[in-house]
């Protein structure tokens, strides 16, 4: 059954891509809605395929026909790849429903281009998760990067959009070069074109130094795509430039392709060569990434930049958990290693759902108001009730509050530190610091959630002229409700996915069960510690609410009255008396001013219409990227003599390069 569904999914991707291309070149604009519904059906196929694969533990190898540039292409579907395919389908289902009518305000040619590149983008990610040879993996990885670039710059061709696109493409290709090097070194003992990746772990014979080098290249390459510090700078630039459904797809799914790559290198290809410092490196990068991400998220006024930095924070949580999984595995603490890997998989799924939901909600706000700046919004809960309810669920999930899916994975993350197992000395020493940073990050994430929802949806409209009549269509509501349901379902019934995820983890040698799931309680490590049941917590809180409500309504000596809010002595409240987005984040700008570059434009005392403006930039630009660009510019100046405009000179350099490569191949 798995084989049939996977083949149907691949053929459906190819068919929809071909149909979109034909409609684009023939300029047939009458079937755009039909194409969108085809993509929705494709997302359901992806869900079924991934669900069958990762719940049953089936594996599948597909040898493809020889292509002129890939001698022996092969696809390998195992439970890990099936999980990420399932994750892709869950997010893409909501996104595709939402997109059915979202792009109707775009020009017809824009809609055709976005639909074509979006389908190829999803198709390339599916192949990334199942590629079984290095050439296929690298080829579709590059296709994924290029199609996502075209999607980022698919809106108005402004200078800012082009800058964001080129920044993303540049960092993507820095990472691509590192991934190419890691695969080259990994397969240097065999034919790079023909070796299958599912067989490589058993046939590897590497020195430890070579394995370390491969890991470093993989960490750089996949870290650039995931948004690890300091390669994260494309995130807050690309997401605001891209359409909101594309931002949801990139943040919800594309970032997870990098996590998949790191998992394959760390716990598959290089598992026998793992070192403790690999884990400590991931923990350090993860902590820095999550801290930098949440601090900058708290200070943003642009909704999409805020969510982009929030994605960086969640990727940091995943990287930290992966680092602990490596360390515990090396110390033989297999139950704790399994728990850390469970956090990696579960938080990938949870983040994919709630961040896709929030980006789609942002898209609805952008359509209704034409504004991304939180400082100009407010009171949307009265104008957009459907969107406000769904955004509230997504925001509570992002904050990691109980009863929603974000809480489950963050609670399990903290369970890494609170257990009864003997802990390695260095981990015991560093645990208080790591816990303190993690708790600070979770608290700041709650602050970000309050800022995002409170400023945008509550209070009064700060600029009432922005509110237009734009009722969300039923496909948009279905897309939002689908992801909202996912946040609630996985928050109340986490065992639904934890059990099959543990089957995936069990395939890694010697790992034990991380969570005891044979009851409604989640216990770690099993079965000696106290448990937690999201469902019972929900029932208990609901019962407590009913009791308190009855006591206050019927037994309290004071009656409930509806009165105007206290206005501090003024005649009436107005929108200028509310917190602004800038003011809400002002304390963090002062506390963390050493980490940021802040340019203030203060009004003069004589201004009739005073305005306060602030421009926030990261110091990583001043200390790393600008010096790097200056150095590359100087190198280019030194080598510009090569560009002489004569064909004979260029042919000479090509011949010399070919000769050097031939000598190198013969020598090696």
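Any chance region 187-194 includes a residue that's in a helix (DSSP H, G or I) and at pLDDT below 85? No, the conditions are met nowhere in region 187-194.
Here is a yes/no grid of residues against (1) surrounded by fewer than 22 Cβ atoms within 10 Å (Cβ to Cβ); (2) without any contact (Cβ under 8 Å) to a residue 24 or more places away in the chain:
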residue	(1), (2)
122	no, no
130	no, no
138	yes, no
141	no, no
154	no, no
181	yes, no
200	yes, no
204	yes, no
209	yes, yes
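Yes or no, residue by residue, for (1) surrounded by fewer than 24 Cβ atoms within 10 Å (Cβ to Cβ); (2) touching a strand residue (DSSP E or B) at 6+ places or on another chain (Cβ under 9 Å); (3) part of a helix (DSSP H, G or I); (4) in contact (Cβ under 8 Å) with a residue 12 or more places away in the chain:
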position: 345; (1), (2), (3), (4): no, no, yes, yes
position: 354; (1), (2), (3), (4): no, no, yes, yes
position: 359; (1), (2), (3), (4): no, no, yes, yes
position: 371; (1), (2), (3), (4): yes, no, no, yes
position: 381; (1), (2), (3), (4): yes, no, yes, yes
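Just for region 105-120: of the residues that are more than 26 Å from the chain's Cα centre (by Cα) and under 16 Å from residue 34 (Cα atoms), which one is surrounded by the most Cβ atoms within 10 Å (Cβ to Cβ)? Here the answer is 108.
Out of 455, 435, one residue alone is at pLDDT 90 or above, under 25 Å from residue 406 (Cβ atoms) and either more than 21 Å from the chain's Cα centre (by Cα) or surrounded by fewer than 18 Cβ atoms within 10 Å (Cβ to Cβ) (or both). It is 435.
Taken as a whole, the structure places residue 281 among residues that are out of contact with any helix residue (DSSP H, G or I) (no Cβ under 6 Å at 6 or more places or on another chain), part of a helix (DSSP H, G or I), in contact (Cβ under 8 Å) with a residue 60 or more places away in the chain and within 20 Å of residue 438 (Cβ to Cβ).
Here is the figure for region 261-279: residues that are buried (at least 22 other Cβ atoms within 10 Å of the Cβ) and farther than 18 Å from residue 202 by Cα total 4.
Among the candidates 290, 312, 299, the residue that is crowded, with 24+ Cβ neighbours inside 10 Å, touching a residue at least 40 places away in the same chain (Cβ under 8 Å) and touching a strand residue (DSSP E or B) at 6+ places or on another chain (Cβ under 8 Å) is uniquely 299.
Residue check: is residue 601 at pLDDT below 75, out of contact with any helix residue (DSSP H, G or I) (no Cβ under 8 Å at 6 or more places or on another chain) and either closer than 30 Å to residue 234 by Cα or surrounded by 10 or more Cβ atoms within 10 Å (Cβ to Cβ) (or both)? Yes, satisfied.
The values are calculated or read from the model by the stated rules, or taken from the named source; none is laboratory data. Since the structure is predicted, the reported quantities are computational estimates derived from the model, not experimental observations. All Cβ positions, glycine included, derive from the backbone under ideal geometry; neighbour counts span all protein chains shown.
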